[in-house]
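Take a look at the structure below.
No lab work stands behind these numbers, since they all come straight from the coordinates. All figures in this text were calculated on a predicted structure; none of them were measured in a lab. FYI the Cβ positions are ideal-geometry reconstructions off the backbone, even for glycines, and counts take in every protein chain you see.
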Amino acid sequence: MTSTGTPLGAPAGRPLKAVVIGAGIGGLTTAVALRRVGIDVEVHERASELRAAGSALSVMSNAIAALDTLGIDLGLEKRGRAIETFTIMDYAGSPIRDLPLKEVTDRLGVPCVCVSRADLQQALLEEADGIPLTLGSAATGYTADDTGVTVRFEGGGEARGDLLIGADGFHSAVRRQFVGPEDSRDSGYICWLAVVPFDHPRLTPGYVGHYWGSGQRFGLIDIGHGRYYWWGTKNMPAERSHHWPGGKDEITESFAGWAEEVQEIIRRTPEELILGVPSRDRAFLERWGEGRVTLLGDAAHPMLTTLGQGSGMAIEDAVVLARTLAELPGDVPRALRTYEDRRRERTRGMVAASRSLSDLEQAETPERRAQRDDHFRLASHASLVRQYEESLTFPGLD
Ligand SMILES: Cc1cc2nc3c(=O)[nH]c(=O)nc-3n(C[C@H](O)[C@H](O)[C@H](O)COP(=O)(O)OP(=O)(O)OC[C@H]3O[C@@H](n4cnc5c(N)ncnc54)[C@H](O)[C@@H]3O)c2cc1C
């Protein structure tokens with residue numbers, strides 16, 4: 001059959017075809033969501049094997065609820081552990097504030113789940129079964145015309161689709177092509193992280209504890225199946241955090257004298273399991289695409305980790321993108337601009353809130369520390385509930 005073609009969408013008689021760059025949380029979720037609404041999709045990933053670095057993360061209620069609107073259930077509660085308690089403490093483990101997260105998730109009827117990255121990736125790969133995924137395929141640029149987009153890969157390969165989605169993370173090649181070179185914004189600290197089997201008499205199922213010191217924080221998180229995820233931060237100049245040499249002695253010394261469970265989990269973590277990553281974001285980008293090209297996840301709106309919503313925003317993006325394309329299949333550029341409009345305010349708020357909370361939480365001077373602790377100690381229960389309700393509710397297509 002000869003296609004009559006529609007200039008903006010897919011040629012008549014066949015489904016739209018999307019090329020997704022990047023098989024991280026955002027790219028895989030996008031592939032799954034697009035297929036759910038009947039769009040053909042292929043994924044290209046630069047890495048030659050899919051390995052989720054040995055850490056974990058929280059998948060918040062809003063992300064799980066977003067997936068549910070497309071009937072996607074990753075079974076995360078069985079793979080990880082739903083958050084039951086969330087307490088902020090001082091460095092020695094004395095409580096500053098119990099946060100009403102569980103109260104809000106109970107009301108919403110959707111949990112926040114902490115899960116290893118490997119388990120989340122496995123869940124997404126199982127859902128994506130049958131979707132073409134090419135590894136060792138690094139995108140270098142694209143050319144768009146009235147009928148589609150051609151992506152170029154290192155080594156000379158090409159892929160063509162009706163649209164291109166750059167889900168290629170913080171250093172996105174797709175973003176670079178239409179934005180040009182950009183600086184990142186360092187946050188002034190390093191983040192060390194690891195996952196280990198762990199138990200301790202102070203810890204209860206579904207435990208999340210954040211411990212706050214001076215220019216340092218520590219997070220201890222139950223991810224189920226006898227495993228704990230921990231992260232520790234420490235203020236340091238970018239020249240060092242971006243080239244951290246590795247080793248455990250500095251971490252042990254940094255958290256000496258902290259709560260028993262903090263020191264114990266560091267003691268029990270083999271040095272080779274500890275990752276050190278710089279903490280950084282970018283100035284918020286207003287324009288995420290052009291024509292048949294758009295961005296998603298960290299490629300569009302990288303944020304600091306303070307709210308634990310980076311992957312949540314990537315998942316929400318993927319669902320909104322799929323549903324918007326399903327609404328407007330005949331006009332791809334319009335669908336992509338509509339998706340971007342729908343996501344801009346939500347993600348702008350998360351980037352800004354993650355940054356301002358990060359600045360407050362990493363407080364180093366006694367005055368700033370007192371301000372930080374009082375901010376949380378004195379906040380009304382109602383205002384904490386309201387903030388959680390806002391961030392943990394998937395706004396849908398609004
Ligand atoms: C220390 C730390 C803790 C965090 N904790 C949380 C948390 O608790 N909760 C949460 O929600 N978020 C958390 N995040 C953020 C979360 O990890 C990210 O927001 C999320 O992974 C973004 O997913 P993504 O798919 O957009 O990007 P990525 O996960 O970075 O995936 C991008 C993919 O694209 C590939 N790629 C890159 N360039 C190319 C190219 N040119 N061609 C082809 N492929 C390419 C990469 O190899 C990668 O696989 C944390 C981040 C950090 C650093």
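Multiply the residue gap between E103 and E250 by 0.36 nm, knock off their C-alpha separation, and tell me the result in nm, one decimal place.
Between E103 and E250, full extension yields 49.2 nm more.
Taking 0.36 nm per residue of separation and subtracting the Cα-Cα distance, what length does fully extending E290 through S48 add?
Taking E290 through S48 to full extension adds about 84.2 nm, to one decimal.
When DSSP assigns beta bridges and you keep just the ones with both residues in the chain, what percent turn out antiparallel, to the nearest 5?
Around 70 percent of the beta bridges assigned by DSSP in the chain are antiparallel ones.
I need the calculated FRET efficiency for the pair A92 and S184, taking r as the beta carbon distance and R₀ as 25 Å, to the nearest 0.05.
Efficiency, from the Cβ-Cβ distance: 0.15.
Contour minus end-to-end for A283 and R176, with contour as 0.36 nm per residue of separation and end-to-end as the Cα-Cα distance?
37.1 nm is the gain from fully extending A283 to R176.
Give me the Kirkwood hydrodynamic radius of segment 283-391 in Å, from all C-alpha pairs, to one decimal place?
15.7 Å is the Kirkwood radius here.
In the P(r) worked out for the chain, what percent of Cα pairs fall beyond 35 Å?
The proportion of pairs with Cα distances above 35 Å equals 27 percent.
Between rounded, prolate and oblate, where does segment 34-96 land on the alpha carbon gyration tensor, with a ≥ b ≥ c its root eigenvalues, rounded for a/c under 1.5, else prolate if a/b exceeds b/c?
In terms of gyration-tensor shape, oblate.
Only Cα pairs under 8 Å and at least 6 apart count here; give the relative contact order of segment 204-330 as a rounded whole percent.
13
With a ≥ b ≥ c taken as the square roots of the eigenvalues of the C-alpha gyration tensor of segment 1-140, please select rounded if a/c is under 1.5 and otherwise prolate if a/b is larger than b/c or oblate if it is not?
It is prolate, given that a/c is not under 1.5 and a/b is the larger ratio.
On a C-alpha basis, how far is the centre of segment 338-366 from the centre of segment 49-96 in Å? Whole number, if you could?
If we compute the Cα centre of each part, the gap is 19 Å.
Contact order normalised by length for segment 291-356, with contacts defined as Cα pairs under 8 Å and 6 or more residues apart; what percent is it?
Relative CO of segment 291-356 lands at 44 percent.
Whole-Å semi-axes of segment 149-251's equivalent ellipsoid, largest first, each the root of 5 times a Cα gyration tensor eigenvalue?
38, 21, 13
Given the C-alpha atoms of segment 93-178, compute the convex hull and give its volume per residue in Å³.
221
Could you work out the relative contact order of the chain? I mean the mean sequence separation of Cα pairs under 8 Å and 6+ apart, divided by the number of residues, in percent.
Relative contact order, the chain: 22 percent.
For the peptides 146-152, 112-118, 125-131, what is the packing order when you average, over each peptide's residues, the other Cβ atoms within 10 Å and list the highest mean first?
112-118, 146-152, 125-131
Hey, if you put +1 on the Cβ of every Lys and Arg and -1 on every Asp and Glu Cβ in the chain, which of N235, L328, G26 ends up farthest toward the positive end of that dipole?
L328
Between segment 238-295 and segment 307-335, how far is it from one alpha carbon centroid to the other, in angstrom?
Rounded to whole Å, the Cα centres lie 29 Å apart.
Using the Cα centre of segment 197-348 as the reference point, and only Cβ charges (+1 on K/R, -1 on D/E), how large is the resulting charge dipole? Debye, rounded to the nearest 20.
So the magnitude is around 440 debye.
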